[in-house]
1. Going by alpha carbons, how many degrees (0 to 90, nearest 10) lie between the helix axis of B:339-355 and the longest principal axis of chain B?
2. Mind checking which of B:Pro605, B:Tyr104, B:Pro260 is farthest towards the positive end of chain B's charge dipole, using Cβ charges of +1 (Lys, Arg) and -1 (Asp, Glu) about the Cα centre?
3. In the stretch B:237-346, which GluC sites (Glu not before Pro) fall in coil by DSSP and have 14 or fewer other Cβ atoms within 10 Å?
4. What number, in nm² with one decimal, is the all-direction average of the projected area of the convex hull of the alpha-carbon atoms of the stretch A:220-292?
5. Skip the ligands, DNA and RNA, and give the accessible area per residue of the stretch B:141-282 with a 1.4 Å probe, whole Å².
6. When chain A is modelled as a GNM with alpha-carbon springs shorter than 10 Å, which of A:Thr324, A:Thr157, A:Thr296 fluctuates the most?
7. Between the alpha-carbon centers of the stretch A:277-338 and the stretch B:526-590, tell me the distance in whole angstrom.
8. Please give the length that would be gained between B:Leu350 and B:Glu473 if that part of the chain were fully extended, namely 0.36 nm times their separation in residues minus their C-alpha to C-alpha distance (nm, one decimal).
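The values are calculated or read from the model by the stated rules, or taken from the named source; none is laboratory data. All of these numbers come straight from a predicted model, not from anything done at the bench. Here the Cβ is made from the backbone with ideal geometry for all residues, glycine too, and neighbour counts use every protein chain on show. Calculation scope for accessible area: heavy atoms of the full protein, side chains included, ligands and nucleic acids excluded. Shrake-Rupley method; radii C 1.70, N 1.55, O 1.52, S 1.80 Å.
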Amino acid sequence: MRLTRIDGTGADHWPGSAHEARRFIGDRIPQCSGVEGLSQESDRYGRAEEPPVLVEPKVIEGRVFRSIAVADPGGARGNSAFAAFLDGTQRIEIVSQQNGIPFVWGTVAAAVRLRVDRRLVAWPKVAPRVRRRYYMPFRYVEQLAPELLNDPRVVDTGEANSKGVIPSKHPAALMESAVRKVQQDRELLEREMAEAWCAREDGLLYVDGSITSSPVVSRSMNAVGVIKTHRHLYAGGDAFRVLVGMVRGERTSVFSVAPSSRNPVASWYLRVRSAAGRDALFGLVRVEAADCADMTNRADEISRWILAEGAPLALPDGRWDKMTYGIRDTEEFLRAIS
Amino acid sequence: MSDSFGRIAANEPLGRVVATERRPNTPHEFHFWTAITSPVGIGTIVRVDGANPVDGQIPRIYGIVVEGFSYTDLQSPMYDVIGHDGSPASAGFAATERAEIRLYTAAVLRQIPEEPLQPVPMGEVFLSGEEDVAVALRMDSYLKEGARTGIPVGVYRAGGTDSVIYLDADFLLGPEAAHLNISGMSGLATKTSAVEWLLASVFAHFPESKGSIAAVCFNVKGPDLCYLDQPGRLEEGDRVLYEKMGVKPGPFENVRYFAPYNAKGFGLNTLRSNEALLDNVTPLTWGLREVLQYAEVLLNKDDSGAKADALIDFIRERVVDRQFDKDPYLSREHTVQSFGDLEEWFRDLLRGLEGKNSDSWRTHHIATIRKVRNRLSNISTRCAGLVTDSGAVSDVPFGSFGDRAVYVVDVATLEEDAQDLIFARIVTKLREHLERRDLGVKNLIVFVDELNKYAPGDGHDTYVRKMLLDIAERGRYLGLVLFSAQQFRSQVHRRVVGNSGTALFGRMDADELATPGYSILSPATRTKLATLEKGQLMVRHPHFTQPIFVRFPRPAVMQGRDGAERYPQAAEISLDTALYRALRTLDRGVSFAWVKDMVALYDEPELLRARNATLLRKPDDVRTFFEAQLRRVIPSQSTAVNSGATTAGTIAVRSLPLGDPYES
């Protein structure tokens, strides 16, 4: 069996595509057979989602969870103070298997796109990051070479989770574990990029997703997180009626979000597009920002900036009602380079 | 990146080659994208440096941009409408502009190495510098020191690159290929200006090794070519171009004009009739001998026929310039040297035939004789001013053409018949002299405008068209090169334009561009052609695998409109003024009083004949020579004595009219 030294420094050859990854791993693990034709289906694995829950908001702006108009719903969009956009992508493919155990090839990437003269360009201070790794359950793989075992670019998906549960040999369970690991890697890249921004720039960064994972970012006045998915809906009790009744240009009262093992931030919902004739969550985003003394004004200001990002549309992306064009551009950019 | 003038550093790529399965690159075409601020446009010449060597050599590909695309990531126009709430005005307030691409298609001009010919590889795209342009257009082969045959046609400009584009004299003026054809809309100062500029360039750069060169220009409309010896208005930008292309920004130094007289015969039938410009204008007059050879030009299909042709041939061979006597039908001996003599001969012959009640003469039927008489006699009427009854000849100086001289034959205001006759005879004579190598120059350019009219693609065959075809197909072997121009290339005979090795295009009419002849051009190139500015041309030349866009300077000669304003055409003048002006060009001592005396004494035809003879001879003593051409006037003293009148009261008696008005 031919083995190439893999020391994790990146100086040696490492696959740059799923096709290469298939051949690479096939050369190194016996009884391993390539899996073809799944690249187009890779998106079906998606992201590991948590179950949807309704959470009672802990209001920090006033006492009541209410809707507040921050912009005229029929008026012109104002100016935006966002200087850049941060997003990450992940791509997962099963490239090989050994006796039914899937070997996953995951690609994660993150980038900041800077706005210069109304056009988006790569942030020159920190290059976009792309990481490609194998994800496999070491405990189920036979004759795994030590070089692979000790390579940080080969991730063990057979480890016990936070509750101490070890994934079974069920391919779906192994896939879910792999997807979760890939997602963690993506979030890590995004966090690194966001922290780099906060350390080097004075402008405001639009982060696609939560900023609670980083203590630096969650406390920075230079980053705002915008969450499009609402698995955790902070609208328990009477707040739900308020939330679904919001019209375009309205935000909710600011509430505190402090997930376990994460960092607390101030948060509020904002309706960026009218939901008339649509489902209740259409055009609804949750905004996360560092808590500050004048949170009301800060929330109004940030809300107006987010509303100003409503054009151009992010179509044809299916999440166009919540996604800004800057984030779509960043995703397209990452798709092109990763 | 580019500086504020759009200039890009030569070593900085301005684009990248891209290819997809749907839109792959081929050996003759490739695609590349650029920054949206890039100075690339239709007609820009670019260079691609390949990444991987072929046979040990990094491939270099030169191309010219023939098509451009611009689009954003917008997948449906409706998305933009929705995004801006249906209000175009609000689009300007969007925080971000959509990602946008400038994608260009380039046609390959040259690949190095030329073999193996492969599809254009991926690589960086650079703006071509001067050296690149020379290589791309294969100009390097004829710009070598010691063997330069380049004739500047204009300057190629793109992104700060100013590169002189040269035509190869071997392919413009022969012997490899030859002829030039210019197409363009009228009134945009393109066709004539381009020819004037190119003639100046040819005269400045024609290789010494190829011998002498001159040009004959037929001015077929307006005053366009009437002031080639007068300086024109140039702007600083034009002077820079002249300097860059090594051409002196001045009028032509050796120009001669030729024009027939007007119908009355007093003045010349040209827009260049202003007295201040007459010193290099020569009358163009031909007699019977000159015209009869080209009678075919003036006879239409009904006129000509085997019988008429036979009689004309007989007259040409046996009558003209010969002593014709001992004929039973003729009352006297005839020596036919002019249209007047010919008319006398016809009249005598017909009178003889009628007297003897005969209906044929030497196998020629009397009806044919009458018809030929009618047509030939008519020529001097139809071409009055050009054809003289007297046979006096004043011609283009065949045999003594000067190097770098321009001979302009002004036929702009003549009848069509006269234009055809002049054109046919002069070109035929030029060709004969070039065949005999005794024209005076080794190479000759003939410029003819309005080729739509003289060599149309449809209609019956004419003498002039046949002659133009002959020049186009065989002229280059003789050193006879046709520079032709027209508004609609599609309407010119295919063999004339097809044999033009070099073609220039100014701004074109959209209808013309829709004809099949332009289908080889990309839509973008056609659009550019339809919107070309003054002073811009598209050039096709045998060395260039694709058409190239160039700028040329304003010609350094006075433009027709300026000249017509500064030197207005002479008004209709009286006989005495016409004589005075004509003779003054030979002798400044000729006085108006003396001319008036002559006019009082002699008939108009006699005076004009004397003027023509004097102008032709250019004698040292103009007045003596002029008077010698006139019949002597006998003093009327005896009459005065008989009548008892005093000497002081006598007046000179006019001589008899030349023709007998009572003779039938």
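1. In chain B, helix B:339-355 runs at an angle near 60 degrees to the longest axis.
2. Value computed over the given set: B:Pro605.
3. For GluC sites (Glu not before Pro) across the stretch B:237-346 that sit outside H, G, I, E and B with at most 14 neighbouring Cβ atoms in 10 Å, the list reads B:Glu253, B:Glu333.
4. Orientation-averaged projected area of the Cα hull: 5.3 nm².
5. Here the residues of the stretch B:141-282 average 35 Å² of exposed surface.
6. For chain A, modelled as a Gaussian network with Cα springs under 10 Å, the answer is A:Thr296.
7. Measuring centre to centre over Cα atoms gives 67 Å.
8. Contour length minus Cα-Cα distance gives 39.8 nm.
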